[in-house]
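Asker: The following block contains the structure, expressed as structure tokens.
The values are calculated or read from the model by the stated rules, or taken from the named source; none is laboratory data. All values derive from a computational prediction rather than experimental measurement. Please note: Cβ atoms are built from the backbone with ideal geometry, for glycine as well, and neighbour counts cover all protein chains shown.
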Amino acid sequence: MPDVAEVLLLGLALDDFKPFILTGLALGAVYALSATGIVVLYQATGVLNLAFGAVGALGALVSWELLNSTDVPHWVAYLACVLVGGAVTLAYGLVFGSVFAARDQLVKAIGTLGLALVLLGTMYWIWPAGTFARSLIMGTTNWGYQVDFLNARVNGTQIIAFCFAVAVTVLTALFLRFTKLGTAMRAMANDREITATLGVPVRRVEAAAWLGSGLVCGASGLLLANLVGLDAGTLTFLVISALAAALIARLRSLWVTLVAGIGIGLAEALATPIFEISRYRTMAPFVLAIAALLIFQRQRVVPVARATR
Amino acid sequence: MSSKKVKAGIALVASSLAALLVSAVVTGAGGATAPVGSGKQSATKSVCGLGTGQKARGTPIKVGGLVTFEPGTDFQDIAKAAAAYFACVNDNGGIRGRPIQYKYYTTPINPVTAAAQARKLVASDKVIAIVGNTEILDCTVNHKYYRANGYYVIGSGIAPECYNGAPTMAQVNMGPAYSATGAAQALVRAGAKSLVCDTSNQGDPTGYVNLGCMAVGRQAGIPVVNSHHDVPVTDANSHALELVTRAGQDGGIVLTYIPPEALKILQGAQQQGLIDRVKWGCATPCNTDFVAAALGAPWNGKLYVNAELALLDSKGPDMTLYRAVLKKYAGKTAIGSFSQMGYTEALIATAAMLNVKGAITKQKVNRAIRDVKNFKTDILCKPWYFGVAPYHNPNNTDKTVVPLNGKMVQKEGCFDIFAYTPQLRNIRQWEKQRKLNTGSPPYPRQG
């Protein structure tokens, strides 16, 4: 008879889930990283960037092109991925940021959806999907070691993804808390007009937010191209998982964003060995985001109801 | 300046010009090579259609096709390769001076669109023949319509109806179910102790792709798992890990995906250090050099890929011309099983059209396609045929290839696919009775 303590769910033992913890942590960390970029940009500019995945995909494809068509060193190609992310996002912010500044948030978000579709079309045009497969595998991906107690192998890219996500979250939180620029960003999150009246160069602060968010976007694209695969469509729509993490954090707390992103990655991965729900595991971001929204909605409604009483 | 000097100057210029002219002519003549696909068809040389090297300039003959195209499922290479061969035929005399005007439509996996596009080909475009169809729902949705309108369609099949219920549709491939069956047979021969048969939800709406793979496992008396996943694959590492966990130590995994998706899963397996935990197999789409190149040395000899068609670097006459035609007319189309299929379909259709006596009409062309038998090509293991039957599966014998240093190389020669359906058993019986693929007499290629 099996040890009762080891039987967790639907007859599966703890050992059945262990190998999936590492993949879940790594993928979740990149969701969290992307979500951090989304939250910071939203706080500073009020723009929910739906083009986050598409921009990352573009950076990754540029990186692939450099590696396959030129003799540039690998690190230059990887750096290009990050810089393309920063440049495209900054360019969009500079051109459309001020145009949409006074519009409501839905219009701002739809603007970025337009960017996503333009980029997706451009990528399919330059790098047709077809039956030709591209892959962008960093050297770190081929390096790794066996984690015996989890019965799985962890590779360098997974470690980098996790550490980088945590580091970016910590540094961003410190940046927003302790630097002048960070304070200005937080002020703009509260009220752009008043912040401008106080003499803060809002255009410059917004540009910094677009650039920073874009660099994170490029880095996410590079990591996801390694962990998931180099495919414009797939990377573009992975923004959904990051958005779910950002929504769970109510587009405010970076720490909750980090936990939510990792939680989504883990939920997806840990659903994998459960045969009955495995094929539906891509629903995890939606389910968790909807659950979180319902809970928050309830928390907001209840005090109002109490106040009314 | 003296008149002598002027004359000398003129002579110098004139002689230089003459020398240039002569050298241009010589270079041109010497450098000219015969157009791709021109010449005389023989046992050692394949040509495009009539091989005249002359452009066809008559009234175009309209030929059409349908292929699936949506993220994660893209069969356009098949139609592009067919178009490339037809273009080569047009540059080599066409169908007795008439060029083939090939047009193909793409559709998402949607029965309404599949039906609408078929009607567009037939009713609006009024095509003479339908060639190169590789649409996931085409056989299911459109076979009765094609039959009612007198079309004998040469395509690449996916749905079960392509092989067990479409009397007027014959495929050059054996489809994902039989191809996965072949890959499963190879894994069992290699000693797999279980079989996980994995394919995409989108590519298998009728749930039949894994049936042959599972039948092979059951016959071998080993555990089998029927597995489906969504494409595009968004978490390749977990996907690979899940498959390996299900297969167990020394189990076997058969993947039936288009190359980019299969590659993601295989690379996920590599990242997780799972290559040697199980035996990996793949249906025919993986038989593509870029998959072998992307996988690299760690996969040398470790992925058993079912190959429904010839090795990609095969030196046979049709394969040699296939690579040349693709290079000239469809440079961006990958050398691989998909483009081999489209090319072969166009090859057979062209031969059938060249065998039409008198005026080229829809009725005559389709009758000619129906009557094709013993069509020998080095792209297939056995001669191809159409014929009159309630269903068709003329390509039911294939090979196994494995990646080796960035190339696919042969692991096993032609073998019969396990006949797990009564249809395939009947087909093999008809082949013998009617001498459909004995190769004798060979089908005339040039009319």
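Asker: Quick one: A:ARG250 ticks every box in (1) surrounded by 22 or more Cβ atoms within 10 Å (Cβ to Cβ); (2) more than 26 Å from A:TYR78 (Cα to Cα) except a single one, so which number is it?
Answerer: Unmet for A:ARG250, out of (1) surrounded by 22 or more Cβ atoms within 10 Å (Cβ to Cβ); (2) more than 26 Å from A:TYR78 (Cα to Cα): (1).
Asker: With respect to A:THR169, determine if the residue is more than 14 Å from every other protein chain (Cβ to nearest Cβ), under 30 Å from A:GLY24 (Cβ atoms), among the β-branched types (Val, Ile, Thr) and crowded, with 19+ Cβ neighbours inside 10 Å.
Answerer: It is true that A:THR169 is more than 14 Å from every other protein chain (Cβ to nearest Cβ), under 30 Å from A:GLY24 (Cβ atoms), among the β-branched types (Val, Ile, Thr) and crowded, with 19+ Cβ neighbours inside 10 Å.
Asker: Can you tell me which of (1) crowded, with 18+ Cβ neighbours inside 10 Å; (2) modelled with pLDDT of 90 or more is the one A:PRO19 doesn't meet?
Answerer: (2)
Asker: Here is a further query. Does A:TRP143 satisfy the criteria of being over 30 Å from B:ILE335 (Cβ atoms), aromatic (Phe, Trp, Tyr) and within 11 Å of another protein chain (Cβ to nearest Cβ)?
Answerer: When the stated conditions are applied, A:TRP143 passes them.
Asker: So is A:ILE277 modelled with pLDDT under 90 and over 30 Å from A:ARG134 (Cβ atoms) or not?
Answerer: yes
Asker: Looking only at region B:297-309, decide whether some residue is at pLDDT 90 or above, at the interface with chain A (Cβ under 10 Å from one of its Cβ atoms) and over 21 Å from the mean Cα position of the chain (by Cα).
Answerer: There is at least one residue in region B:297-309 that is at pLDDT 90 or above, at the interface with chain A (Cβ under 10 Å from one of its Cβ atoms) and over 21 Å from the mean Cα position of the chain (by Cα).
Asker: Also, quick follow-up: Residue by residue through region B:235-250, note down the ones that are surrounded by 24 or more Cβ atoms within 10 Å (Cβ to Cβ) and small (Gly, Ala, Ser).
Answerer: If the condition is that a residue be surrounded by 24 or more Cβ atoms within 10 Å (Cβ to Cβ) and small (Gly, Ala, Ser), then B:ALA236, B:SER238, B:ALA240, B:ALA247 are the ones that fit.
Asker: Every residue in region B:97-119 that is closer than 18 Å to B:ILE154 by Cα and either among the aliphatic types (A, V, I, L, M) or free of Cβ contacts under 8 Å to residues at least 24 places away in the same chain (or both), please.
Answerer: B:ILE100, B:ALA114, B:ALA115, B:ALA118
Asker: What pairs come up if the first residue lies in region A:259-283 and is more than 8 Å from chain B (Cβ to nearest Cβ) and over 12 Å from B:HIS229 (Cβ atoms), the second is surrounded by 23 or more Cβ atoms within 10 Å (Cβ to Cβ) and of a type in the set (Val, Ile, Thr), and their beta carbons are under 6 Å apart, counting only those six or more places apart or on different chains?
Answerer: Hits for this filter: A:ALA260/A:ILE248.
Asker: Would you check which residues across region B:32-78 are touching an Asp or Glu at 6+ places or on another chain (Cβ under 9 Å) and hydrophobic (A, V, I, L, M, F, W, C) and list them?
Answerer: B:VAL36, B:CYS48, B:ALA56, B:LEU66, B:VAL67, B:PHE75, B:ILE78
Asker: Among (1) more than 19 Å from the chain's Cα centre (by Cα); (2) touching a residue at least 40 places away in the same chain (Cβ under 8 Å), there is one condition B:GLN429 misses while meeting the rest; what is its number?
Answerer: Failed condition: (2).
Asker: Please go through region B:120-129 and pick out each residue that is free of Cβ contacts under 8 Å to residues at least 60 places away in the same chain and aliphatic (A, V, I, L, M).
Answerer: Residues satisfying the conditions are B:LEU121, B:VAL122, B:ALA123.
Asker: Checking the condition within 14 Å of another protein chain (Cβ to nearest Cβ), at pLDDT below 95 and within 30 Å of B:LEU347 (Cα to Cα), which residue from B:ASP235, B:ASP204 passes?
Answerer: One residue alone meets the criteria, B:ASP204.
Asker: Answer with yes or no whether A:PHE162 is closer than 28 Å to A:GLY265 by Cα, more than 13 Å from chain B (Cβ to nearest Cβ), surrounded by 14 or more Cβ atoms within 10 Å (Cβ to Cβ) and not polar (S, T, N, Q).
Answerer: yes
Asker: Oh, and also: Check region B:76-94 and report whether any residue there is within 14 Å of chain A (Cβ to nearest Cβ), of a type in the set (D, E, K, R), in contact with a strand residue (DSSP E or B) (Cβ under 8 Å, 6 or more places away or on another chain) and surrounded by 21 or more Cβ atoms within 10 Å (Cβ to Cβ).
Answerer: Within region B:76-94, one or more residues are within 14 Å of chain A (Cβ to nearest Cβ), of a type in the set (D, E, K, R), in contact with a strand residue (DSSP E or B) (Cβ under 8 Å, 6 or more places away or on another chain) and surrounded by 21 or more Cβ atoms within 10 Å (Cβ to Cβ).
Asker: Can I ask one more? Going by what's in this entry, would B:LYS193 be described as out of contact with any Lys or Arg (no Cβ under 8 Å at 6 or more places or on another chain), facing chain A (nearest Cβ under 9 Å) and closer than 27 Å to A:ARG153 by Cβ?
Answerer: No; evaluated as a whole, the condition is false for this residue.
Asker: What's the number of the condition B:THR256 fails, among (1) modelled with pLDDT of 95 or more; (2) surrounded by fewer than 24 Cβ atoms within 10 Å (Cβ to Cβ)?
Answerer: For B:THR256, the failing item is (2).
Asker: Give me the pairs, please: first residue somewhere in region B:74-89 and at positive phi, second residue anywhere and of a type outside the set (Ser, Thr, Tyr), beta-carbon distance under 9 Å, and either six or more positions apart or on two chains.
Answerer: none
Asker: Only one of (1) more than 14 Å from every other protein chain (Cβ to nearest Cβ); (2) more than 20 Å from A:ALA207 (Cα to Cα); (3) acidic (Asp, Glu) fails for A:ASP104. Which number is that?
Answerer: (2)
Asker: Return the pair list, or none, for Cβ contacts closer than 9 Å from residues in region B:372-386 that are without any contact (Cβ under 8 Å) to a residue 40 or more places away in the chain to residues that are not in a loop (DSSP other than H, G, I, E, B), at least 6 apart or on different chains.
Answerer: B:CYS381/B:THR397; B:CYS381/B:ASP398; B:CYS381/B:LYS399; B:CYS381/B:GLY413; B:CYS381/B:CYS414; B:CYS381/B:PHE415
Asker: Looking only at region B:126-136, decide whether some residue is in contact with a strand residue (DSSP E or B) (Cβ under 6 Å, 6 or more places away or on another chain), in a strand (DSSP E or B) and either over 29 Å from B:ASP318 (Cα atoms) or within 14 Å of chain A (Cβ to nearest Cβ) (or both).
Answerer: yes
Asker: Right, another one. Among the residues of region B:275-290, write down those that are at pLDDT 90 or above and at the interface with chain A (Cβ under 8 Å from one of its Cβ atoms).
Answerer: Residues satisfying the conditions do not exist here.
Asker: Also, quick follow-up: Determine if region A:122-132 includes at least one residue that is in contact with a helix residue (DSSP H, G or I) (Cβ under 8 Å, 6 or more places away or on another chain), more than 14 Å from chain B (Cβ to nearest Cβ) and assigned to a helix (DSSP H, G or I).
Answerer: Yes.
Asker: What do you reckon, is B:PHE69 crowded, with 22+ Cβ neighbours inside 10 Å and within 14 Å of chain A (Cβ to nearest Cβ)?
Answerer: So B:PHE69 fails the test.
Asker: Scan region B:207-232 for residues that are more than 9 Å from chain A (Cβ to nearest Cβ) and of a type in the set (D, E, K, R) and report the count.
Answerer: Going through region B:207-232 one residue at a time, the tally reaches 1.
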